[in-house]
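Below is one structure, written out as structure tokens; comments come after it.
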Amino acid sequence: MTRLSQRLPLALIAACAVSACAITPAKMPEELRLHESPLEIRTLQSRRFRAPSEKEILAATIAVLQDMEYNIDRVESALGVITASKVSDADSGQEQLGLLAIDLLCALGGGDCGALASASDEQLIMLTLVVLPSLANRDEYIARVTLQRIVVDTMNRVKVKELVDEPEIYQQIFDRLSKSLFLEIET
């Protein structure tokens, strides 16, 4: 084996390693970028509550979720976990109007696009709440809520599968939970 043939594999590996470093955050595709750090997301999803036990937090959470039209799918009291879900309307009037216009233009051209069939129809929202004792204080608990949603079109095809990361939604849940927990403890 010649010296060149021995060095060629090493040169190729080095070239690949250097070219892999060429993707900078500015050049990285949008799908691969993390928009928020895991710490920011966890902070958004978590709140600290004072309560005699996690059972009061779980009971208050069930009441809040039912008021928000969630179905309680599973409660694991010993683990401090609640899972819930709901199906809601996901269609937008603007989206349907735009897709109808596309279908009309196709019809005028003699074709059938079927664009309206791809309109968003329903969304399944899944929520998980986990309650853990705080390591800082004995009468405090950390509640963490995670939300995911799946949007399907009128043909029941999945259009969107995502983690819900809108701060307003989490704030609304925690505000309601705080009020419900106050009432649960006071009664």
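Quick note: the coordinates plus some simple rules give every number you see, no bench work behind them. These figures come from a predicted structure and were not determined experimentally. Backbone-built Cβ (ideal geometry, glycine too); neighbour counts: all protein chains shown.
Taking other Cβ atoms within 10 Å as a rough exposure proxy, Tyr141, Tyr70 sort from fewest to most as Tyr70, Tyr141. Placing dummy labels 7 Å off each Cα toward the beta-carbon, the span from Ser88 to Ile185 is 2.8 nm. Between Ala136 and Ile169, the contour length at 0.36 nm per residue exceeds the Cα-Cα span by 9.2 nm. The distance between label points at Lys55 and Arg42 comes to 3.0 nm (points 7 Å beyond Cα on the Cα→Cβ vector). Backbone N atoms of segment 121-154 closer than 17 Å to the 7 Å Cα→Cβ label point of Ser178 belong to residues 140-145. Label positions at Arg157 and Ala63, each projected 7 Å from the Cα along the C-beta direction, are separated by 4.6 nm.
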